[in-house]
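Peer 1: The structure's right below; bear with me while I get my questions together.
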Amino acid sequence: MVLLIAGLILFFGSHAVPMAPSVRAGLVSKLGENGYKGLFTLVSLAGLGLTIYGYGVARFDGSPLIYDPPFWLRHVTMLLMVPVFIFLVAAYVPSRIRNTLKHPMLVAVKLWALAHLLANGDLASVLLFGGFLAWAVVDRISVKRRGPGAGQVAAVTGAPGKYADIVVILVGLALYGVFVWKLHVWLIGVPVS
């Protein structure tokens, strides 16, 4: 559990820096823009890797059960995950979906975390998914306070194409299908069903 918590602290700590513009500005002045981005990426990846590894270790060691969700909530989780993949794609593609949600990545993270909290009641899962849910809510509030353009995911710019929303939905559904079919068990080690 210590590795999971350390990973979450490292990951969320690095992601808290952009929420404090003066801290970010100070780091950019010392390291330069590329140096800051490089350090941010390294610390974020280290935190994410440690979180993933720590979560796996905690699950293997037998994380204590906090609550026991009913089996039928797994179906709700699978249903909630459908728009998650669509919103993730929308974060990178100019579309009306992206324009409507403003920050589709954060919406996707909140929905992903909530969906997984419905299906997983062990302590490691509550820390992981509850942590990401809390971070996404705080980050969304921070983005609103920082103003337009803050927290935007780098993406292809321009006006949404005529079929952009259809492409976003189809790609998102395809990713969802592949994830349910093979990737969840391959990457996470847990079958979806």
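The values are calculated or read from the model by the stated rules, or taken from the named source; none is laboratory data. Not measured: the values here are computed from a predicted model. Neighbour counts are summed over all protein chains in view; Cβ atoms, including those assigned to glycine, are modelled from backbone coordinates with ideal geometry. Note: areas computed on protein heavy atoms with side chains; ligands, DNA, RNA excluded. Shrake-Rupley method; radii C 1.70, N 1.55, O 1.52, S 1.80 Å.
Peer 1: In region 7-74, which chymotrypsin sites (Phe, Trp or Tyr not before Pro) fall in coil by DSSP and have 14 or fewer other Cβ atoms within 10 Å?
Peer 2: Details: sites: F11, F12, Y36, F40, Y53, Y55, F60, Y67, F71, W72; in loops: Y67, F71, W72.
Sites meeting the loop and neighbour criteria: Y67, F71, W72.
Peer 1: Quick one: if the Förster radius is 30 Å, what FRET efficiency do Y92 and V57 give, using the C-beta to C-beta distance and rounding to 0.05?
Peer 2: Numbers: r = 32 Å, r/R0 = 1.06.
Efficiency for this residue pair is about 0.40.
Peer 1: Counting only other residues whose beta carbon sits under 13 Å from that of L31, what net charge do I get with K and R as +1, D and E as -1? Can you show the working numbers first?
Peer 2: Numbers: positive: R24, K30, K37; negative: E33.
Taking every Cβ under 13 Å from that of L31, the sum is +2.
Peer 1: Which whole-Hz couplings ³J(HN,Hα) result when phi for each residue of region 185-193 is put into the Karplus expression 6.51 cos²θ - 1.76 cosθ + 1.60, θ = phi - 60°, listed in order with x for Gly and Pro?
Peer 2: My calculation for region 185-193 gives 5, 6, 7, 9, x, 10, x, 5, 6 Hz in order.
Peer 1: With bins 10 Å wide starting at 0, give me the P(r) of region 9-98 over every alpha carbon pair, in whole percents.
Peer 2: Each 10 Å bin holds this share of Cα pairs: 14, 22, 34, 22, 7, 0.
Peer 1: Pick from S22, S14, S95: which is most flexible by mean-square fluctuation in a GNM of the chain where alpha carbon atoms under 10 Å apart are linked?
Peer 2: Largest GNM mean-square fluctuation: S22.
Peer 1: Identify, among F11, I169, N99, the residue whose Cα sits farthest towards the positive end of the charge dipole of the chain, taking +1 on the Cβ of Lys and Arg and -1 on the Cβ of Asp and Glu, with the dipole about the Cα centre.
Peer 2: Selected residue: N99.
Peer 1: Can I get the semi-axes of region 9-59's equivalent ellipsoid? Compute them from the C-alpha gyration tensor as square roots of 5 times the eigenvalues, in angstrom, largest first.
Peer 2: Values: eigenvalues 132, 24, 5 Å².
Largest first, region 9-59 gives 26, 11, 5 Å.
Peer 1: Sticking with this one: How much accessible area per residue does the chain have, in Å², with a 1.4 Å probe?
Peer 2: Details: 11060 Å² over 193 residues.
With the other protein chains kept in place, the chain gives 57 Å² per residue.
Peer 1: May I ask you to derive the FRET efficiency for S29 and I141 from their Cβ-Cβ distance with R0 = 22 Å, giving the value to the nearest 0.05? Present the calculation step by step, with values, prior to reporting the outcome.
Peer 2: Details: r = 26 Å, r/R0 = 1.19.
Between S29 and I141 the formula returns 0.25.
Peer 1: Same structure again: Whole-Hz ³J(HN,Hα) for each residue in region 75-80, computed from phi via Karplus 6.51 cos²θ - 1.76 cosθ + 1.60 with θ = phi - 60°, x for glycine and proline: what do you get?
Peer 2: 5, 5, 4, 4, 5, 5
Peer 1: Starting from the Cα of K102, draw a straight line to each of the lysines and keep only those under 30 Å, dropping any in the same chain fewer than 8 residues away.
Peer 2: Hits, sequence-local ones excluded: K37, K110, K144, K162.
Peer 1: So what is the 222 nm mean residue ellipticity for the chain from helices alone, if each DSSP H run of at least 4 adds -39500 (n - 2.57) and you divide by all residues, rounding to the nearest 500 deg cm²/dmol?
Peer 2: On the way: 7 runs with 135 residues, N = 193.
Counting only the DSSP helices, I get -24000 deg cm²/dmol.
Peer 1: Using a 1.4 Å probe on the protein chains only, how many percent of the accessible area of the chain belongs to carbon and sulfur? Could you put the intermediate results ahead of the total?
Peer 2: Values: 8090 of 11060 Å².
Of all accessible area on the chain, carbon and sulfur atoms account for 73 percent.
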